[in-house]
Amino acid sequence: MATSNPKLSIISVFFIILSFLTLQAESVKEGCEEETSSCNDKAKALTLKIIAIVSILVTSMIGVSAPLFTRSIPALHPDKSLFVIVKAFAAGIILATGFMHVLPDSFDMLSSSCLPENPWHKFPFTGFLAMLSAIVTLMVDSLATSVYSKKSNAEPDQEMASNVGHFHGHGHGHHYEPKLAGGAKQLLRYRVIAMVLELGIIVHSVVIGLSLGASSNTCTIKGLVAALCFHQMFEGMGLGGCILQAEYKPLKKAVMAFFFAVTTPFGIALGIALSKMYKENSPNALITVGLLNASSAGLLIYMALVDLLAADFMGPKLQGSIKLQVKSCMAVLLGAGGMSLMAKWA
């Protein structure tokens, strides 16, 4: 598959950068002192974190895997209207994740009183980096589609030529080639979307897990566990739908689902391991996690609006049915509204 090597390279580079940034965040001892609270109980918090790892892993796997088994259900086939509505609901969740969860967290961290006045309180770094991230995502989206299109076109050209010649001999050549080219181009778009979306979700999932794993506040963790279970399940449904449309081979589907399911538990485990060194409100930790959140927010917002919502709403299926458009709009509002409501707890 032409897309496998670049995808693995991008994910590898991400984890190298994340490891470096984590080390930067963990090494700082100075900063604002931690707040004392009756909820701070390290032993009880560790038990809750282990419960969180298991429950989030299970719900994430259910969420991302559910769409992959819908081919056996005719009503949920990618060509059916119900699939479009469910995908719109999941896109609303991803959009609200960027706007209501990740972006506000970044604003809070990068405007914290624990950070020096200059430059952090004199320039809106969160908005700037989110904007920059969206632009970079557009560039990657465009370039990846171009590169993969050229690679894919180079391989089947001879086969297509022979097939077209064969079909011309039967009087059907003018029907065959445009349909194949259009289908192949759309499939490439689905594959690029699935790859970039997974990368953005992995970034913020690890960051969320890291924060939870490093915390000793049992009051905070209890609410987070329940909220993150719902969050990961529905976000997984959105990603799973994109993976399904990309029509990867079973092994590649399983690998992508596995990466999504384990990233938050991995972040929690990493947070537990670094809990003695990692200080949530130290300047370096606030800057590192704040910048990662801003980058992730820009990517998720772009993907939700451009590659998921706009691509479907401006596509022929929804443009050909006002009724389906209304249903999809309601699904987007329901997904975004539900995830926005959960911002109260997570």
Task: Test: Thr126 is at pLDDT 85 or above and assigned to a helix (DSSP H, G or I) - done: yes
Task: From the options Ser215, Ser162, Ser211, residue that is at pLDDT below 85 and exposed (fewer than 14 other Cβ atoms within 10 Å of the Cβ) - done: Ser162
TODO: Taking the residues in segment 95-120 that are under 14 Å from Leu291 (Cα atoms) and open to solvent by 60 Å² or more (accessible area, probe 1.4 Å) as candidates, determine which candidate is farthest from the chain's Cα centre (by Cα).
DONE: Ser111
Task: Subset of segment 275-310 [aliphatic (A, V, I, L, M), open to solvent by 20 Å² or more (accessible area, probe 1.4 Å) and modelled with pLDDT under 85] - done: Met277
Open item on the list: Among the numbered criteria (1) among the hydrophobic types (A, V, I, L, M, F, W, C); (2) within 21 Å of Gly290 (Cβ to Cβ); (3) open to solvent by 20 Å² or more (accessible area, probe 1.4 Å), which one does Ala227 miss?
Closed with: (3)
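Being of a type outside the set (Ser, Thr, Tyr) and open to solvent by 50 Å² or more (accessible area, probe 1.4 Å): is that true of Glu235 here?
No.
The values are calculated or read from the model by the stated rules, or taken from the named source; none is laboratory data. A quick note: this is a predicted structure, and the numbers were derived from the prediction, not measured. Every residue, glycine as well, gets a Cβ built from its backbone with ideal geometry; the counts of neighbours run over all protein chains shown. The area values use the complete protein model at the heavy-atom level, side chains included, leaving out ligands, DNA and RNA. Shrake-Rupley method; radii C 1.70, N 1.55, O 1.52, S 1.80 Å.
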